[in-house]
1. Would you order Val29, Val243 from fewest to most other beta-carbon atoms within 10 Å of each residue's own beta-carbon?
2. Looking at the stretch 151-206, which chymotrypsin sites (Phe, Trp or Tyr not before Pro) are DSSP coil and have at most 16 other C-beta atoms within 10 Å of their C-beta?
3. Find me the longest stretch of the chain that has none of the exposed GluC sites (Glu not before Pro), where exposed means in a DSSP loop (not H, G, I, E or B) with at most 10 other Cβ atoms within 10 Å.
4. Distance from the Cα centre of the stretch 1-58 to that of the stretch 137-197, in angstrom?
5. Less than 16 Å apart at the alpha-carbon level, and either on another chain or at least 8 residues along: which lysines does that give for Lys26?
6. With loop defined by DSSP as not H, G, I, E or B, and exposure as at most 16 other Cβ atoms within 10 Å, which is the longest segment of the chain clear of exposed trypsin sites (Lys or Arg not before Pro)?
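Only the coordinates and a few stated rules stand behind these numbers; no lab work does. The model shown is predicted, which means the values in this text are computed figures rather than measured ones. Positions of Cβ are generated from backbone atoms using ideal geometry, with glycine treated the same way; all protein chains shown enter the neighbour counts.
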Amino acid sequence: MTASALPILMYHHVSPAPGLVTVTPKNFVAQMAWLAANDYHTASCADLEGFLQGRPLPQRTVMITFDDGYLDNYVHAFPILRQYGLHAVIFAVTDWIGDGAARPHPVAGESGAPLLLNHNACTERIREGRADEAIVRWSEVECMRAAGSFEFQSHTASHTRWDKISGNAAEKSTALGRDLERSRETLRQRLGMLGTHLCWPQGYFDADYLSVARDQGFTHLYTTTPGSLRPDGDANKLPRIVVKDKGAAWFSSRIHLYSSPFLARWYGRLKGI
């Protein structure tokens, strides 16, 4: 049987440092172990594109996404995904990624593990120009990509909400266009790829944003709108599901719910979405 809907899961942090948008390593292990034990396929960006073009996916398929590219994605999420043979996407803020040697993996028994910060502390370090303390390095990106555990797409270059700081629509569109162009060019130079998938910072977009993204060559645009993707879904407005810091029982219930278009619509109406 083939999938009638694709749940796209949204994570930010996998870390023992408690805070916003964070799943503990213990719960992330439980969630990924459940996927592996139940023979789930984890979709790539190419798989999603094919799904919208009429190519079937296995009935048990999810897509795993991470926003921002935090260091804990490398320290904790990467080895867990690799252990279970699963695949995910990181939407990276390219201006935040720096150079330097790959940092140690505590789960591999390596010493000198980096300090992991909670979400608010990460935000503060980035604001202070100290993103390296919170965000993956290019060497770590290359390591995760070479292992096949992660692919990388754009979360813009600067994570700026241009609609909030621009004086008018024309200024907003120009600034966003430059931001997206820089992000895409950085991915091309660093990874040899011309990314076409974009995740909006804070999930915000409007008609101008959509037009600029299309002009810059982005064909698949990810939101924070809850729901699951159907084969006839809109590539301009891809829905995603927030994953909570809970174990396998909660996780499996959400996967089953969002794998059914009927149940997903019913749940959305129940929640007023």
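1. Least to most surrounded, the residues fall as Val29, Val243.
2. Sparse-neighbourhood loop chymotrypsin sites (Phe, Trp or Tyr not before Pro): Tyr204.
3. Longest stretch, sites excluded: 129-273.
4. That distance is 22 Å.
5. In chain and number order, the partners are Lys244, Lys246.
6. Here the longest segment lacking exposed loop sites spans 162-236.
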